[in-house]
Structures are given as structure tokens and as C-alpha cells.
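Engineer: Here you go, one structure.
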């Protein structure tokens with residue numbers, strides 16, 4: 001496995017110390033790299049999530065969730081999808097703390113309020129047996145002998161969605177099924193489910209599960225990269241329409257507390273390693289006849305252990321977290337991922353894009369630092385991704401992290417500057433620039449491969465993080481925010497990028 005950053009639009013290989021020579025970035029605005037699905041970015045909400053359920057009743061909270069720019073909503077979302085009975089939500093798994101049981105109708109209404117498309121997960125862990133009101137009595141665990149019954153239960157949901165006009169085009173079979181099944185077993189499950197579901201509605205598209213899990217060390221030993229290849233071998237071409245994978249990364253080395261700057265550098269390096277895994281998927285799928293299959297990252301976020309944090313996880317939600325998430329989003333788009341979904345929209349203090357109940361409130365909802373930073377890509381409607389070429393020998397940085405698969409500390413390198421050029425839906429151009437250097441400004445020289453804008457061309461500049469500490473958040477009296485400025489192309493094309501900052505440049509069409 002590779003442990004250096006792969007980026008399609010910024011291909012920089014040499015490992016050199018930072019220098020004062022500007023990083024030359026050349027945009028080819030005449031040759032689109034690829035089109036972007038209008039609903040390419042999304043997030044998820046669990047059926048029992050109180051923050052999400054209550055937030056839908058408050059206009060300010062609804063607007064904050066819309067401000068994240070999500071285009072699709074995944075539900076009943078994540079592991080909770082494997083506890084959910086679609087036709088009797090109140091019979092779903094319900095610990096004492098669960099006070100909400102969102103129905104399909106509730107989620108469809110939520111999608112309409114948020115302006116999102118649905119991605120619905122069907123249950124591959126258990127299905128419901130009629131005649132009982134209690135979860136424990138009504139559940140039937142999926143097993144090799146009753147996969148057909150589980151598929152029929154899912155197909156009835158598809159038929160109901162069609163009959164009621166819910167307009168669900170994409171369905172996902174299971175969630176992280178590598179926890180319970182081998183790759184070939186999931187191939188059989190996904191094939192059986194997809195066949196039954198398509199009989200209920202031939203227009204739908206179906207995602208199978210994939211494994212991209214070097215973030216979960218206890219399962220790497222049992223599965224590793226071969227899990228998804230075993231799945232690919234077991235699937236016939238066309239059996240499903242896409243693959244759903246999850247990517248988590250963290251820089252924390254257990255038992256060795258480090259300054260935030262070191263943890264953030266480790267996160268940048270760790271994200272590069274995670275992207276290596278994603279980059280390997282398409283060639284592997286193509287080898288087994290699945291070249292037309294879509295690739296979705298249906299969950300991604302930073303996840304680091306901290307015994308003092310919620311659920312034993314580090315509660316970051318600060319500028320460093322936001323920069324890393326924006327950077328990761330650009331890298332995944334570089335790799336041709338069709339859709340991305342951050343885990344999650346609202347509710348989980350460690351992961352949420354909108355804080356409605358922890359440090360924010362329903363009446364004063366706050367986008368978290370990742371929610372703000374991701375607006376670099378989601379704040380406007382995008383039509384496509386354009387190529388950006390990086391000059392020779394740009395500076396590179398490094399970070400050290402514990403790699404779960406290798407079970408040792410790994411030092412990964414990454415370019416000091418990340419750059420993405422995006423065609424806006426209105427025909428204009430958006431440039432997203434991240435300075436991954438946490439200590440110093442990085443000089444850049446922006447240019448175009450063809451006709452360049454005149455120096456007097458107006459440019460709307462947005463910047464996040466300039467002059468702020470890495471642990472700056474959007475809570476309390478402090479308001480982490482994008483700082484707008486009106487400038488010209490002549491002024492910004494050679495403007496240094498401040499340390500640990502995110503810069504957006506909007507040019508007219």
C-alpha cells in the first residue's frame with residue numbers, strides 16, 4: 001500500500017523543504033476533468049436522532065442544515081439502518097434514550113424541506129416478523145437460509161416508495177457488512193436484494209457495500225483489502241450499480257499526547273493514506289468487469305480516540321478539523337468519487353456539520369468548523385472539476401501517525417498547497433486553495449494554460465482561518481467565519497496563502 005498523497009489535479013512528487021519560490025499552479029479552464037453530479041455532496045441522519053428531528057421544526061435550524069450545501073440525505077443512516085424496521089419504526093431497536101422514531105414519510109418530508117435527494121439503506125442484519133410488537137420478538141436475524149426473505153422485506157419498501165411517489169432513485173444494501181459477512185457472502189446478499197428490489201421498481205439504482213477500512217484495525221486482520229476484491233469476484237457485472245465505502249482518519253498516536261499542530265499534520269498525512277485506498281478501488285473493479293460501477297464514499301470524517309471525549313472520541317470541531325475535511329473532499333473529488341457524504345448532519349458532537357444542541361442551539365444553530373470549511377466546495381452549485389497542474393519541485397510537508405493496518409508509526413508526506421479548480425453552474429470559475437503549512441505562509445503563482453483573465457478582472461475572495469489559532473471554533477463568543485473581500489485577478493494571482501488557511505477565489509464567467 002502506498003502512503004503518500006495521490007491527487008489527480010495536483011501531481012507533485014518530490015520531497016523538499018519549504019522554500020520561498022512560489023508554487024506554480026496552472027489551471028486549464030478549457031478542458032474539463034469531469035462533470036459533477038448536482039447532488040454529489042450529502043450527509044446522513046439516523047431515525048432516532050433527536051437533534052435532527054427537533055431541528056426540522058425550527059426554521060433557523062432547517063436553514064443551517066441547508067447552508068451545509070447537502071444535495072442528498074442518507075437515511076436511516078449508518079449502523080442504525082441495521083436496527084430499523086421501515087414498516088414499523090417504533091418496533092425498531094429502541095434503548096431508553098431513544099425518544100424519536102422517524103418514519104419514511106418523516107424522512108421524505110425532511111428531504112423536501114432541505115432540498116435533497118434520498119439515499120435509503122435497507123437492512124441486511126435483520127428483518128421484521130409479523131405478529132409481534134416487541135423488537136426482540138419481532139426481529140429475525142439474516143442468515144444464509146433466509147436471505148430471500150430479507151430481500152423481499154426490502155423489496156416491499158421499494159414498492160411502497162414507488163406507490164407513494166417518494167422518488168427514491170438510489171438504495172443502499174446494508175452498512176459496513178464486512179463486520180458480519182465475507183466479501184463473497186455480501187456479493188450474494190447484494191445480488192439477491194438488488195434483484196428483488198428492481199423487480200419492485202426497475203428504475204432504481206443499488207449500492208453494495210465495500211471495504212476501505214484501514215481505520216478499523218481489529219477488522220483489518222480479518223478482512224483487509226481482499227474483502228472488496230472477493231466481493232467484486234462474486235458479483236456479476238451489472239448486479240449492482242455502485243459501491244459504498246467509508247473512510248475515517250485520525251492522527252492521534254495512543255499514549256503520546258502531542259501539540260495540535262502535530263496532530264493536524266498527522267491528519268493530513270493520514271488522509272493521504274486513506275485516499276490511496278480509494279484510488280485502488282476503481283482499477284480493481286475494472287479488472288473484474290465492474291468498470292461502469294459508481295463509487296460513493298457514504299461516510300467520511302476524522303476520528304481519533306480520546307478517553308475524555310464523547311464516546312471515547314476526540315471532540316475537535318475546530319479550524320484544523322475544518323481544513324482537513326475540506327482538503328479531503330478535494331482529494332476525493334480528484335479521485336473521481338461520484339458522491340460524498342459526511343457523517344453526520346446533526347446530532348453527533350464529534351462529527352456533525354451543524355450543532356443544534358451541544359454548543360449551538362435550535363434558535364442559534366452553528367455550523368461547525370468542518371461545516372463552514374466545506375462551503376468552499378458546497379457554497380455554490382458546481383458543474384465540474386477542471387485540471388490544475390503543479391509546477392516542479394513544490395514544497396512538501398510530513399506528519400506521523402499510527403497506521404492501524406501496519407500496526408506501527410508511519411510518516412507520510414503531502415504537498416504544502418492543495419488546489420482545485422471548479423466550474424460553477426453559472427459558468428464562472430471557483431478556485432479552492434488550502435495551505436497545509438501550519439506554521440508559515442506559502443507563496444503561489446496562479447496561471448492559466450490558455451487565455452487568462454485580464455488583471456483588472458474582478459475576483460470575490462473568501463478566506464477562512466487567517467490569523468486564527470488552529471483550535472479556533474464557531475462556538476461561544478467567538479465566531480469562526482469566512483472573511484470576504486473584493487479584489488482583482490492581478491492582485492490575487494501571486495498573493496501568498498496565509499498559514500493554515502483556506503482560500504476561495506470566484507471569477508466571473
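Quick note: the coordinates plus some simple rules give every number you see, no bench work behind them. None of the values given here were measured: they were computed from a predicted structure. Ideal geometry is used to build each Cβ from the backbone, glycine not excepted, and the neighbour counts take in all protein chains shown.
Engineer: Sort 147, 27 by Cβ crowding within 10 Å, fewest neighbours at the top.
Structural biologist: 147, 27
Engineer: Then there is this: Quick check: the angle from helix 260-287's long axis to the longest principal axis of the chain, C-alpha only, nearest 10 degrees?
Structural biologist: Result, in degrees: 60.
Engineer: Which order do peptides 439-448, 374-383 fall in by mean Cβ count within 10 Å, highest first?
Structural biologist: Numbers: 439-448: 17.4, 374-383: 20.4.
The densest-packed peptide leads the list: 374-383, 439-448.
Engineer: I would also like to ask the following. Which peptide among 33-44, 56-67 comes first, and what is the full order, when sorted by highest mean count of other Cβ atoms within 10 Å?
Structural biologist: Ranked by mean Cβ neighbours within 10 Å, highest first: 33-44, 56-67.
Engineer: Between residue 236 and residue 90, what is the FRET efficiency for a Förster distance of 30 Å, r being their Cβ-Cβ separation, to the nearest 0.05?
Structural biologist: E(calc), rounded to 0.05, equals 0.20.
Engineer: What is the spin-label model distance, in nm, from residue 359 to residue 305 if the labels are put 7 Å beyond Cα along the C-beta direction?
Structural biologist: Computed distance between label sites residue 359 and residue 305 equals 2.5 nm.
Engineer: Work out, step by step, the length gained on full extension between residue 137 and residue 488: first 0.36 nm times the residue separation, then minus their alpha carbon distance; give nm to one decimal.
Structural biologist: 119.6 nm
Engineer: What whole number of Å gives the distance from the Cα centroid of the stretch 260-332 to the Cα centroid of the stretch 14-75?
Structural biologist: The distance from the Cα centre of the stretch 14-75 to that of the stretch 260-332 comes to 14 Å.
Engineer: Could you calculate the contour length gain from residue 478 to residue 37, that is, 0.36 nm times the residue separation minus the distance between their Cα atoms, to one decimal place in nm?
Structural biologist: Roughly 155.2 nm would be gained on extension.
Engineer: Rounded to the nearest 5, what is the percent of antiparallel bridges among the DSSP beta bridges in the stretch 69-196?
Structural biologist: Of those bridges, close to 25 percent are antiparallel.
Engineer: Using a simple spin-label model with points 7 Å from Cα along the Cα→Cβ vector, what separation in nm is obtained for residue 21 and residue 284?
Structural biologist: Reported label-point gap for residue 21 and residue 284 is 3.8 nm.
Engineer: Please report the spacing between the Cα centers of the stretch 471-488 and the stretch 359-398 in Å, no decimals.
Structural biologist: When both Cα centres are located, 14 Å separates them.
Engineer: Pairing the Cα long axis of helix 147-163 with the longest principal axis of the chain, what angle in degrees results, from 0 to 90 and rounded to the nearest 10?
Structural biologist: Taking Cα atoms only, the helix is inclined about 70 degrees.
Engineer: Here's a follow-up. Would you kindly state how much longer the chain becomes between residue 389 and residue 112 on full extension, computed as 0.36 nm times their sequence separation minus their alpha carbon distance, in nm to one decimal? Working shown, then result.
Structural biologist: Numbers: separation 277, 0.36 × 277 = 99.72 nm, distance 3.97 nm.
Roughly 95.7 nm would be gained on extension.
Engineer: Further, regarding this structure: Relative to the longest principal axis of the C-alpha atoms of the chain, give the angle of the C-alpha long axis of helix 319-334, reported between 0 and 90° and rounded to the nearest 10°.
Structural biologist: 80
Engineer: If you don't mind, there's one more thing I want to ask. What is the antiparallel percent of DSSP beta bridges lying wholly in the chain, to the nearest 5?
Structural biologist: Details: 49 of 85 bridges.
Percent antiparallel among DSSP bridges in the chain is about 60.
Engineer: Sorted by average packing, counted as other Cβ atoms within 10 angstrom per residue and highest first, what order do 105-114, 307-316 take? Working shown, then result.
Structural biologist: On the way: 105-114: 17.3, 307-316: 15.0.
Ranked by mean Cβ neighbours within 10 Å, highest first: 105-114, 307-316.
Engineer: Another question about this same structure. Evaluate the distance, in nm, between pseudo-label points positioned 7 Å from the Cα of residue 466 and of residue 448 along their respective Cα→Cβ axes.
Structural biologist: So the two model labels end up 2.3 nm from each other.
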